[in-house]
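The values are calculated or read from the model by the stated rules, or taken from the named source; none is laboratory data. This is a predicted model, so every value here is computed, not measured. Virtual Cβ from ideal backbone geometry, glycine too; neighbours counted across all protein chains shown.
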Amino acid sequence: MNNSVTLETKKNRKKKLMLNSISSFLLQGITIICGLILPRLIISTYGSEVNGLVIAITQFLTVIAFLELGIGSVIQSALYKPLAEKDNESISKIIASASKFFRRIARILVFYIIILIVIFPFIKESKFNAVYSGTLILSMGISSFAQYYFGVVDRLLLTADQKGYIQYIAQSATLIFNTIACVVLIRIGVGIQIIKLTTSIIYLVRPIFLRLYVNKHYGINRKIKYEGEPIKQKWNGLAQHIAAIVLDNTDTIVLTLFSNYSNVSIYGVYHLVVNGVKTLFTSMMSGVQSLFGELWAKQELDELKRVFSRAEWTVHTIVTFSYGCTASLIIPFVMIYTRDVNDADYNVPLFAFLITIANALHCLRLPYNMMILAGGHYKQTQSNYIIAALINIVTSIITVKIWGLIGVAIGTLVAMIYQTIWMAIYDSKNFINRPILEFIKHFIVNIVEFATAFWICSFFTMKSLSYFSWIFLAFKCALVWGITIIVFNIIFYNKQLVSFFTRLINRIKKANHAR
């Protein structure tokens, strides 16, 4: 009986992981495509400065996320055990406490938006008057309010229960509809404020849908009374949260304060590419943290070590390939993407390389960070997150005055190097119980792979500035990166490579057999 239950549990885990991974992967693919369409239209229709203004306002609105104080991750971690035990009373208490907290943030957000409307025109001298920027801020702030008031908690519950695919599907639908609506509005010549207001209204649909789904499928009492705090370590995720916000938003805010909107726009275009790759990759890892959390909660340590090692190898392999190709292809792509734009110089090779490596390291640290969050080690790891945030802020402010765009990329890169190494060491000692040499080996192999393939691809050029030529170049680069990585994995990780292809072949056979 126990064996059958164990097999059924493993089968259910794999099914949920696959659903989460596929739906999240599709979402990020849609996000990348939509994310490339709208900024290009905004730049060509309204100019680089307007695009830079939109990006700057987006980041300043994101600053309110500081007030989440890391509780989102703590809530998700707190839900793993009661969900595994099907303890509806404990789940209801956590949801009720979390809802109360996020409603407070929503109310604070209203005041923050009012303050931002008043002071934003004075933050930086520009051609945009107070009415122009104020109405834009108001238009963009509506969806943020709805998200905090009744959207976050349902999203966290679904993710913790390994049902993230529900929200991914809903988000994909709203993204597609929003892109179509905005393209039509831009083509008929409406103002940027109306464009962003339309986006906010469309995005209101998603939290409403999630609320209806959760109410139907979960026996949650949102008005349940409780004594004490049902969310353990409620404030211990503060450092992790602040660091995440800083690392994601420092660059744009520093450029807004110490540079100009054209540089913000240039940064935004490159960020579209590297962040698109990052989100596409993280979508593949969408169900991994909740799986780590379940295994750690049940103390299935041998299975956890096996799953973690497999995830680690997969991450290092895919990140090297995806960001290797990005490093070789990002400049040609941006030159095509902005070929008709003459109000700013988007050709910044060194910045492109540094920001690509920084985002690659952000992805390499994912399995180590996920393990820390899944294990609930918030208080124990606070120092790491605080130091990484300070490194990013201080380095970016110092170097942006000297090197501009390159400076902010250096700040992010240095912070990511520090945090990735620290997390790998912590996980090896506290969760996986293995020598740190395993991580060092991964890192050295990645560096040699990267140097080899990047050098070979540097000899490739495009015959013309067109997407067709770029696709042909991308094919050649992908071939070089793929062969290089396979060769090095045959030498250093032959067992993992054989296991990967064996699982892939078995899945293909099962799929064909099912037909």
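Looking at region 374-493, the helices (runs of 4 or more DSSP H) lying wholly inside it that each contain 3 or more residues that are under 30 Å from Leu156 (Cβ atoms) sit at 382-403, 405-430.
Taking region 100-121, which residues are touching a residue at least 24 places away in the same chain (Cβ under 8 Å) and aromatic (Phe, Trp, Tyr)? Within region 100-121, Phe101, Phe102, Tyr112, Phe120 meet the criteria. Looking at Val269, Val273, which is the one that is farther than 23 Å from Gly482 by Cα, touching a residue at least 60 places away in the same chain (Cβ under 8 Å) and within 19 Å of the chain's Cα centre (by Cα)? Exactly one of Val269, Val273 is farther than 23 Å from Gly482 by Cα, touching a residue at least 60 places away in the same chain (Cβ under 8 Å) and within 19 Å of the chain's Cα centre (by Cα), namely Val269.
Table: residues versus (1) at pLDDT 80 or above; (2) assigned to a helix (DSSP H, G or I); (3) buried (at least 18 other Cβ atoms within 10 Å of the Cβ).
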position: Met18; (1), (2), (3): no, yes, no
position: Ser23; (1), (2), (3): yes, yes, yes
position: Leu38; (1), (2), (3): yes, yes, yes
position: Val50; (1), (2), (3): yes, yes, yes
position: Ile64; (1), (2), (3): no, yes, yes
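Which of the residues belonging to region 174-191 are of a type in the set (A, V, I, L, M) and either buried (at least 22 other Cβ atoms within 10 Å of the Cβ) or without any contact (Cβ under 8 Å) to a residue 12 or more places away in the chain (or both)? If the condition is that a residue be of a type in the set (A, V, I, L, M) and either buried (at least 22 other Cβ atoms within 10 Å of the Cβ) or without any contact (Cβ under 8 Å) to a residue 12 or more places away in the chain (or both), then Ile180, Val184, Ile188, Val190 are the ones that fit.
Within region 2-16, identify whether any single residue is modelled with pLDDT under 85 and of a type in the set (A, V, I, L, M, F, W, C), and answer yes or no. Within region 2-16, one or more residues are modelled with pLDDT under 85 and of a type in the set (A, V, I, L, M, F, W, C). For region 432-473, the set of residues classified as within 30 Å of Phe292 (Cβ to Cβ), charged (D, E, K, R) and modelled with pLDDT under 90 consists of Arg434, Glu438, listed by residue number. Selection of region 357-392 for residues being closer than 21 Å to Glu312 by Cβ and of a type in the set (Val, Ile, Thr) yields Ile357, Ile372, Thr381. Condition test on Lys429, is it of a type in the set (Lys, Arg) and modelled with pLDDT of 95 or more? Taking the combined requirement at face value, the residue does not satisfy it.
So that you can scan it fast, the table gives a plain yes or no per residue for (1) loosely packed, with under 12 Cβ neighbours inside 10 Å; (2) within 26 Å of the chain's Cα centre (by Cα); (3) closer than 30 Å to Lys305 by Cβ:
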{"residue": "Asn430", "(1), (2), (3)": "no, yes, yes"}
{"residue": "Arg434", "(1), (2), (3)": "no, no, yes"}
{"residue": "Phe472", "(1), (2), (3)": "no, no, no"}
{"residue": "Ile483", "(1), (2), (3)": "no, no, no"}
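Filtered by the rule that a residue be within 30 Å of Gly293 (Cβ to Cβ) and surrounded by fewer than 23 Cβ atoms within 10 Å (Cβ to Cβ), region 397-412 gives no residues. Within region 147-157, being surrounded by 21 or more Cβ atoms within 10 Å (Cβ to Cβ), in contact with a Phe, Trp or Tyr (Cβ under 9 Å, 6 or more places away or on another chain) and part of a helix (DSSP H, G or I) holds for Tyr148, Val152, Val153, Asp154, Leu157.
Among Arg222, Arg211, which is in a loop (DSSP other than H, G, I, E, B), over 20 Å from the mean Cα position of the chain (by Cα) and basic (Lys, Arg)? None of the other options fit; the residue is Arg222.
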